[in-house]
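Contents: one structure, followed by commentary.
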């Protein structure tokens, strides 16, 4: 065990080419999926927070249910959509980083939207009377509340990034875990562990945990700074 850990630390210390390649692709795919998730999930969640229409409650329940959508189910659905016989088969996206981004985005959007809806809805209850008095409508309120809650919404972003980076099933199905092309940290950890290459698995696990931990620490200090500055 100590020898394996020593080998893992050696890989980290010498910046092993395989490790850097896998980590780089993981960050590229997950951050792109997070960006797409934010562009779709933030306005969707904020709109649900302030909107008033028949069926809103059912839509919120459905959105919350989608937060726990199994990744393998998403993988199968995206696979069917991108396969040669699927509606987007002509694009040739299957078994590519783009397909992995699509799968992770499908997982991330409901999570970001649901967390955003809860955060913005709390702010909406507080500001709704003031908005009504000064004549600010709901569409304008969505933009203002997103701006006002921007630091609190870092929780939603972190949750989305964690969901994307820790995902295995969907990216394995649609990406194929191709060495040097679609192999990311989670799929590499699963593969290398099954092959008995525990040093690379542990090294990748350390990097993955360090990234998630570092982002959470950064978000914590940003929220603390915002609280001190803006109250």
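The values are calculated or read from the model by the stated rules, or taken from the named source; none is laboratory data. All of these numbers come straight from a predicted model, not from anything done at the bench. Quick reminder, even Gly has a Cβ in these numbers, built from the backbone with ideal geometry, and neighbours come from all protein chains shown.
Looking across the range 47-77 at every residue that is within 19 Å of the chain's Cα centre (by Cα) and not in a helix (DSSP H, G or I), the one that is surrounded by the fewest Cβ atoms within 10 Å (Cβ to Cβ) is identified as 68. Filtering the range 173-231 to residues that are without any contact (Cβ under 8 Å) to a residue 12 or more places away in the chain and assigned to a loop (DSSP other than H, G, I, E, B) leaves 179, 196, 197, 231.
Residue 113 falls short on exactly one of the conditions (1) modelled with pLDDT of 90 or more; (2) in contact with a helix residue (DSSP H, G or I) (Cβ under 6 Å, 6 or more places away or on another chain); (3) surrounded by fewer than 20 Cβ atoms within 10 Å (Cβ to Cβ), and that condition is (3). Scanning the range 114-165 for residues that are in a loop (DSSP other than H, G, I, E, B) and over 20 Å from the mean Cα position of the chain (by Cα) returns 135, 136, 137. Among the residues of the range 194-211 satisfying the criterion of being farther than 12 Å from residue 19 by Cβ and surrounded by 15 or more Cβ atoms within 10 Å (Cβ to Cβ), which is farthest from the chain's Cα centre (by Cα)? Of everything passing the filter in the range 194-211, 198 is farthest from the chain's Cα centre (by Cα). As a summary of the residue check, residue 178 satisfies the conditions (1) modelled with pLDDT of 90 or more; (2) crowded, with 20+ Cβ neighbours inside 10 Å except for the one numbered (2).
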